[in-house]
Structures are given as C-alpha cells and as structure tokens.
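Have a look at the structure below, then the notes.
The values are calculated or read from the model by the stated rules, or taken from the named source; none is laboratory data. What you see is a predicted model, and the numbers here were worked out from it, not measured in a lab. Methodologically, a virtual Cβ is constructed for each residue, glycine included, from the backbone with ideal geometry; neighbour enumeration extends over all protein chains shown. Surface areas here come from the heavy atoms of the whole protein model, side chains and all, with no ligands, DNA or RNA. Shrake-Rupley method; radii C 1.70, N 1.55, O 1.52, S 1.80 Å.
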Amino acid sequence: MSQTAYILACITYYIVSVIIIIIVLNIINAKEKKKYQKEITTLERDKNLIISSSILSELNKVEALVNNEKMKETFDEWQVRFKEIKEYEVPKITDALIEIEDCFNEKKYKLLNEKLAKAELEIFYVKSKANLLLDEIKEITTSEERNRETITALKTKYRECVTKYNKNKADYDDVCAPLELQFENVDKLFAAFEIAMENNRYEEVGKIVKGIDDLVGNLQIIINDAPTIILLGKNLIPNKMKEIKSISERMTSEGYNVEYLNIEYNITEAEKKISDVFARLKVLNVQDSMLELKTMLEYFDGIYNEFDKEKTSRKIFEESIRKILVRANEVEKINNGLYRKMDVIKYSYDLTDDDVKIIEIIKTEVAEVKKDYNELVDAHRNKSFAYSRLAKEVNLLNGRLAKVEEKLEEALKTLGSLEDDEKRAHKELLEIKDILKRARNRIQEYKLPIIPEYFYVQLSEANNAIKEMVVELEKKPISIKTLNVRVDTARDLALKLYNTSNETVKTAAMCEMAIVYGNRYRPVNRNLDNSLTYAEELFFKGDYKKALENTIRAIELIEPGIHEKLLEEVKK
C-alpha cells in the first residue's frame, strides 16, 4: 500500500470515529433530556393534584353543618389552612417549577438535579398537608353515616343482651339490679347520641359511640358468663366442698391421714375467692372470674382422685406389710442356718473369707430391713403418714428385701451345693472305675493276639487320674473347684479308654473276618495272596487298622463293595 493510500485510510477512520462518537453523545443527550422532561411533567401533575375538588366539596358540606361555635371555629381553621395551601404553598411550587424549566432549557443539569430533588420534597410535604386536611374534613362529613352504622350494629348486640336477660332472668338473680341499671345507662347514651347528631356536636359523638361500645361489650360478657359464674359459685363448688369435707372427716375416723391435702385451709381460701368473685360480679366485673372458678372446680375434682389413691394405697400397704415380715423371717432363718454351719463348711471345704462374707452381708441387710419394717409399722400405728406415702415406702422395702433374697439364693447355690458336689464325686468315682473295668474286660474277651501299646498308655493315664481324684476326695478341707476338675478329667480318660477298647476289638474282628473271606481268592490271584500274607503279619503284630486296610484294598480289586459287606457282618 502506498503512503498516500495509507494516509487516506487513517483520515477516513478518524472521520468515521468522530461521527460515531457524535451520534452516541446525541443519543445519550436525547435520552437524558427525555428523562428530565418526564420528571418535570410528573412534578407538574403532582402539583396540580394538590388542590383537588374533593377538599372544596367537603368544605361546602361542612359549611352546611355549622350550627354551633365549636363547629364554626373548626370550619374557619380549615378554611385558613386551605387558603394557605392554595395561595402560598402551591404558587411557591409553581415558581420552583419555572426555575426548573429555565435550568433545563439552559442545560444546567447539575443545578437542575438539585432543584428537581428540592421541588419533589416540597410537593410531597404540601400534598401531605392537603391530604391531612381532607381526612380531618371527611371525619366530620362522613361522621353521621359511619357512626350510624356503628350504632345500628351496637343496638343489635344490645337488644340480643336484653332479650337473653329477660328470657332467663332467674339465672341472673344476683346481678339483676346492676344489670338493669346498666341497661338504663346504655339507653341514656343512645339518646345522647341522637341529640349530639341532631346538634352536629361531632366532637361528642365519637366519645358517646366509644362509651356505648365499651358498655355493650361488657354487657355481652356479663350476660354470657354470669349464669355459669352463679352456678359454679353458689351450687357446684360449695356442694363439692361440703362433700369433700364430709368424706375427709369420715376417712380420718377410719384411720386415714389426709392432712397433707390441707382441705380445711383450701376450702377457707376458696370461700374467700368466691366471695370476691361475687363482689366483683355485683359491679359487673367478671375479669378472670371464670378462670378462677374453673380452677377451683378442677382442684376439688382432683381431691376425689387423691381420696381414691389413699384407699388403693391402703390395700397395697396392708397386703404387702404382712408378707414382708414373713419373708424377712424366712430369709433370716435360712441365713442363720448357713451361719451355724459355717465352721464345718470352712473345715470341710477350701473356702476364702470372701467366699463366706456374703453370709455376714445378708445378716446385716436383713436386720436393716426388719428395723425399717418396724419403723414403718410404728408410723402406720401412729398415723404419721398418709397411706400413699406408706405404700411408696413399703414398695421400696419390698425391693430391698427382694435383692437380699437374690443374694441368699446365690449363697445357697454356692455354699449349699458343696456337700452335694462331694457326694456326686464319690458316686462318679465308682462309675469311672466301672467304665475302666468294662474296657479291660472288653479287650480281654476277644482274645487278641496282642494288645496294642496305646491301650496300656491310656489305661495308665486313666488310673493316674482316678488316683488324683481319690487324693482330692481324702483332703480336708476339700477344694470343690479342684475336685470337679479331677472328676471331669478322670471321667474323660475312662471314656476315652472304653472307646479305644471297643474300636480296637471291632477293627480286629473285621480284619480277621476279611482275611478269612479273602482266603478263597488266594489260588486265583497271586497279588491278593501276597497282600493277605502281609496283612496277617500286621494282624499278629497288633497293627489291626493297617492290616484291615491292606486286606480290604486287596479284595476290592476282585470283589468291589467288600467293605460294606464286612460292616454288615460285624453288626450281626
């Protein structure tokens, strides 16, 4: 590219960039201008809405209602406030908007933003004053319609109260006079409302309506709650108190202790509260009265449950207390028997002090149980505690005695079985010797060519175990733990020897039978002949198992299944 073309390209690029920047700035400027125009238009509209026709219309309505000095003063004040807004505040805003227009036209945007914010705040302030004035005026102009609606609704509620009272007048016996006086007061207030409305004394009307609303609301509560309060306070609760007092006196004469219920004190306090409730009821104050009376009723209902609990607890106590003494005496008797034998037991058997310490512990604990039992019986005789307390204590005593019984049972298992274990050991000694005798007889009955060496080894082990068992039995004191080990060892070795003798005889018999059976095949099979000859040698050496294995292996080659046949023959 030539130098001239390059320069032309740069100039073109520069011009296009400038054009784009100008276009962008114009677009931004147009948008900002449009935004300011919109804000100015909005402010102009808000200014025009400040003085609405509603205020003038409502003021005209009030002017027609002015018929006393108070209303005239209020009306004059409103006119002054309206005039100030219309002739001073609004023109001031108009001037501010003109200044804003000038700033906008001259493009003084920084100053324009400040004036916009200030004008917006001023319009909001003046508009709030105008709305407040309108609300105050409407409070009077709409007063009659609004208050009429309220009074109509209150009259409906009031008539319902009067109707309910007249239909059930007998239920309001204690409050007839104050109620009827209150009805008169409400009627007077309704009349006062009408007079105030006729004379346009609206500042009084609101107070009268509020007074009627409070009185009718309270009458509704009284009409609804008074019959229940009178029924609870004059009939249900007094009757329950009378009955509870009677039951309490009867149970006391029957040996129950119900002092912990504080019945006399609580009845006195309840009577005071009932008196207070009726004193407040006569001045038509029932606040918290229903709650207080229902709480009393629930309390006295709960007393019946306490009476039932005492009766049930008495049965539990009387049934348990007799059994505890019998059980404690039985435990003491058995434990004392063990205690008397302790010297003999300790001499006869190898026991440590810890092994017999349980006897002393049981003796102490039984004594404590009997001591507490006597204290509990004394408390019962003196009527020191309620049966619910006695039943709880007797249950605890029962639990303690049960634990002592468990300890005694464990002691009886440990100490009472020592003599039985010794007797059982003597008996098992005879049985073990008999097993050894049968084992020897079994091995001798078959006339074995030679008795295997392992038989004599096992026989020696069994005899040594028996000797150790006899030595342990002859000791004084005997260690039962060691004796039991000796008995188990001797019995196991004797049974092992017996099983060995049976197995040896059975194997030798099968081997001999197999050799005899295989002799028929000797002429026809030389290998079988050699195997049987080798088996015979093993048989006469006392190796019966190996001899049997060789014989069966040789015959199986000619006659499969010979092993099962031999087993069947041995069983026969």
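Each of the peptides 507-517, 116-126 was scored by the mean count of other Cβ atoms within 10 Å over its residues; in descending order, highest first, they stand as 507-517, 116-126. Between the beta carbons of residue 264 and residue 378, assuming R0 = 30 Å, the FRET efficiency works out to 0.65 to the nearest 0.05.
Taking only C-alpha pairs under 8 Å that are 6+ residues apart, what is the relative contact order of segment 223-328 in percent?
39 percent
With a 1.4 Å probe rolled over the protein heavy atoms of all chains, the accessible area of 364, 551 falls in the order 364, 551, largest first. About the centre of its Cα atoms, segment 181-335 shows a dipole size close to 680 debye [charges on the beta carbon of Lys, Arg (+1) and Asp, Glu (-1) only; nearest 20 debye]. Of the whole protein surface, residue 470 contributes about 40 Å² of accessible area at a 1.4 Å probe radius. For the residues 10, 176, a 1.4 Å probe over the protein chains yields an accessible-area ranking, largest first, of 10, 176. Fully extending the segment from residue 326 to residue 220 would add 31.3 nm, taking 0.36 nm per residue of separation and subtracting the current Cα-Cα distance.
Of the cross-linked pairs 155/207; 311/383; 164/210; 169/210; 169/272, those separated by over 18 Å at the C-alpha level are 164/210; 169/210; 169/272. Here segment 201-313 exposes an accessible surface that is 51 percent carbon and sulfur, computed with a 1.4 Å probe and the other protein chains kept in place.
Accessible surface for segment 177-315, divided over its residues, is 54 Å² per residue with a 1.4 Å probe. Using Cβ point charges alone (K and R +1, D and E -1), the dipole size of segment 239-280 about the Cα centre works out to roughly 240 debye.
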